[in-house]
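Following: one structure in structure tokens, then a few remarks.
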Amino acid sequence: MKLPEILFVIALVGGLLVPVAIIGQWWLFWTFCIFFICFGIVEAVAVARTNQTVSQHFWEYSKKHKTGAIIVLVCMQIAWAALLWHLACKM
């Protein structure tokens, strides 16, 4: 694994797990842990079967189907924004 990939994983895992662990939000912590475990399994299967990561598959798709890739990215942004709004709305 190259340094940028390592830094990405550290930022992703650290950004989701570390803060919730520090403040003791264990239900959210375990939710993110389960997400990472499931994603890790899918990632391992993808690499074992195709020699490409999930990200590499998406990047390959995005080169051939730019509009579809943009739709997926926008929908992911909407979904994350909705989750953030949901968590913040009672503050």
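The values are calculated or read from the model by the stated rules, or taken from the named source; none is laboratory data. Since this is a predicted model, take the numbers as computed values, not measurements. Here the Cβ is made from the backbone with ideal geometry for all residues, glycine too, and neighbour counts use every protein chain on show.
Tabulated values for the structure
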quantity: Residue identified as surrounded by 11 or more Cβ atoms within 10 Å (Cβ to Cβ), part of a helix (DSSP H, G or I), modelled with pLDDT of 95 or more and β-branched (Val, Ile, Thr) among Ile70, Ile78, Ile34; calculated: Ile70
quantity: Residue match in region 41-64 (condition: among the hydrophobic types (A, V, I, L, M, F, W, C) and loosely packed, with under 10 Cβ neighbours inside 10 Å); calculated: yes
quantity: Which listed residue is modelled with pLDDT under 95 and more than 13 Å from the chain's Cα centre (by Cα), from Pro4, Pro19; calculated: Pro4
quantity: Scan of region 9-31 for residues that are in a loop (DSSP other than H, G, I, E, B) and either among the hydrophobic types (A, V, I, L, M, F, W, C) or in the same structural domain as Trp80 (by TED's automatic domain parsing) (or both), ordered by number; calculated: Ile23
